[in-house]
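Chemist: Dropping the structure in here first, questions after.
Read the figures in this text as sums done on the coordinates, not as results from a lab. Model, not experiment: these values are computed from the prediction. Glycine gets a Cβ as well: all are built from the backbone with ideal geometry, and neighbour counts include every protein chain shown.
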Ligand code: GDP
Ligand code: MG
């Protein structure tokens with residue numbers, strides 16, 4: 001399996017980069033009857049002598065053996081001493097001075113560098129839960145072997161299938177063991193090594209029978225025929241090995257493991273391998289190249305490699321997608337700034353022109369979700385502001401009594417023949433003042449919009465404030481549009497005067513007036529100082545016809561004049577806003593920005609890149625580099641001709 005190690009290691013590099021789960025190699029599970037040679041087969045796969053073996057029931061708890069590939073000691077020490085990224089520092093094995101070692105889950109902190117001790121510990125731990133007298137337990141022992149010579153792979157050694165309880169074994173030992181085995185081999189990600197000794201009939205193999213139960217198509221079962229050397233004289237396993245007795249899709253591989261005698265005399269693994277080859281050459285010359293422990297290891301490698309190859313397309317897609325994502329991110333960080341002053345000018349100019357384009361409606365990216373820039377300002381002028389103005393009633397908030405009080409206050413102590421003009425003027429001003437609030441609101445809205453495009457602006461509302469003040473400064477009764485209305489009121493007044501000459505109506509009215517409750521009405525403020533708000537007529541009463549007429553005149557005048565002013569305000573506010581605010585900003589933005597920002601002392605600070613950005617750019621670039629490398633590795637592995 002040595003050839004797989006570099007491949008897996010390189011793939012592991014890929015995974016370290018893309019953060020995906022490591023390609024999960026299938027775990028290899030050995031099944032077979034007791035003493036069929038399961039532990040021996042596993043050992044020859046690992047290439048180390050550390051599993052308890054022997055006659056009778058030896059493996060009495062499942063042993064989950066996790067092999068972990070690590071760098072050779074020399075390399076590990078180099079990385080640890082160097083000041084580069086210390087891959088091993090985060091692992092529990094940093095600082096271990098051995099080339100290979102094992103650890104158990106049940107005593108995590110203990111490091112076993114002596115494989116004899118590992119065997120001893122497995123035996124002790126087995127006895128701890130299963131007793132000393134052949135009892136079994138389904139509770140697995142977890143052993144990790146760290147070595148530069150192993151694949152990252154999980155092997156599971158299981159107790160053998162037995163029929164008759166011995167020692168402390170329960171009556172249903174057979175069922176119990178079967179259940180334990182099934183729990184492991186039913187995992188679809190396990191490869192079943194079904195071990196059957198050559199010196200017993202394959203047709204009675206419990207191992208094959210169990211494997212068939214969970215893998216009826218035989219897609220993940222490999223048959224290992226052990227003890228070829230122990231067959232009765234005059235018999236051989238050729239028919240079996242050729243698949244003529246029972247066909248097995250993935251293959252049937254005959255092996256010769258070390259005998260008990262070999263174990264007792266501590267025969268070296270290499271020696272047994274050599275002897276195995278010699279045996280095969282002698283007894284099965286036609287099959288020698290397709291049998292033996294080494295061939296078994298090769299076959300397993302091939303199966304694992306196929307598995308890896310099946311996983312590669314998905315991995316490749318992942319790497320491609322990630323590369324694209326990281327490339328986009330890297331692009332978004334742009335290049336680090338080199339020429340500070342040129343860059344600043346560029347930024348300011350670009351900003352100012354983008355800003356103006358947004359107002360003009362010539363921006364490169366036209367928003368579709370909402371109005372913005374110039375379009376929004378247009379909306380504010382014509383929809384928001386225009387409609388609000390239109391909705392203002394010229395006579396709103398002005399009751400007839402208000403008008404009457406104003407007339408009376410303007411008249412002073414002596415009754416007047418005509419409706420005094422000053423009352424109109426005062427009331428008209430009061431009504432016009434109501435245009436100020438929506439006008440200022442309009443400025444505010446435009447201002448807000450400008451701020452939305454730019455977070456900078458000063459106050460421009462004074463001009464609009466002045467617009468209303470201008471209207472208030474002089475009520476122009478000679479306004480051409482107002483002339484008609486003035487005429488009308490004059491005619492009404494003269495009619496009034498004629499009527500008064502007759503004296504009759506006047507008298508009647510006077511009577512009516514005197515009858516009416518005079519409270520609060522009898523003492524109008526002196527002269528022409530009128531305070532509309534404080535001196536309201538408090539009591540509602542029916543107005544006399546003259547009062548009604550007076551009111552009507554004033555109302556008509558106010559209405560007419562208000563419409564004139566409103567029209568003018570509606571027209572001049574947007575113009576003022578455009579001139580003093582929008583166009584002003586447009587014209588001065590660039591020079592203002594340059595004036596404020598383009599200073600030698602500021603240059604460095606303004607264009608300083610946040611540390612985060614610089615760091616992220618570096619990290620993303622590194623990741624991209626790693627992804628490219630990963631992509632190469634994957635391509636190489638895919639193209640490699642695999643056995
Ligand atoms: P397990 O119970 O299935 O794990 O079997 P073991 O691996 O513990 O082997 C049981 C006994 O059979 C040991 O004494 C081994 O030395 C012996 N054994 C296993 N395989 C072979 C083989 O191929 N040839 C010979 N001669 N002995 C073997
Ligand atoms: Mg065993």
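Chemist: Would you mind ranking 154, 328, 126 by Cβ crowding within 10 Å, fewest neighbours first?
Modeler: Lowest to highest Cβ neighbour count: 328, 154, 126.
Chemist: At a 10 Å Cβ-Cβ cut-off, how would you order 585, 321, fewest neighbours first?
Modeler: If I rank by nearby Cβ atoms, fewest first, I get 321, 585.
Chemist: Within region 31-60, whose backbone N sits under 17 Å from a point 7 Å along Cα→Cβ of residue 262?
Modeler: 35-55
Chemist: Rounded, prolate or oblate: pick one for region 221-329, where a ≥ b ≥ c are the square roots of the eigenvalues of its C-alpha gyration tensor, a/c under 1.5 means rounded, and failing that, prolate if a/b is larger than b/c, else oblate. Don't skip to the answer; put the middle values down first.
Modeler: Numbers: a/c = 4.18, a/b = 2.28, b/c = 1.83.
Because a/c hits 1.5 or more and a/b exceeds b/c, region 221-329 counts as prolate.
Chemist: Then there is this: I'd like to compare 105-117, 275-287, 421-433: which one has the highest average count of other Cβ atoms within 10 Å, and what's the full order after that?
Modeler: The most tightly packed comes first, giving 421-433, 275-287, 105-117.
Chemist: May I pose another question? Using 0.36 nm per residue of separation minus the Cα-Cα distance, give me the extension gain between residue 388 and residue 311 in nm, one decimal. Please report the intermediate quantities before stating the final value.
Modeler: Details: separation 77, 0.36 × 77 = 27.72 nm, distance 6.82 nm.
Result for the pair: 20.9 nm of gain on full extension.
Chemist: Still on this structure: Based only on other Cβ atoms within 10 Å, what is the fewest-to-most ordering of 151, 395?
Modeler: Fewest-to-most Cβ neighbours within 10 Å comes out as 395, 151.
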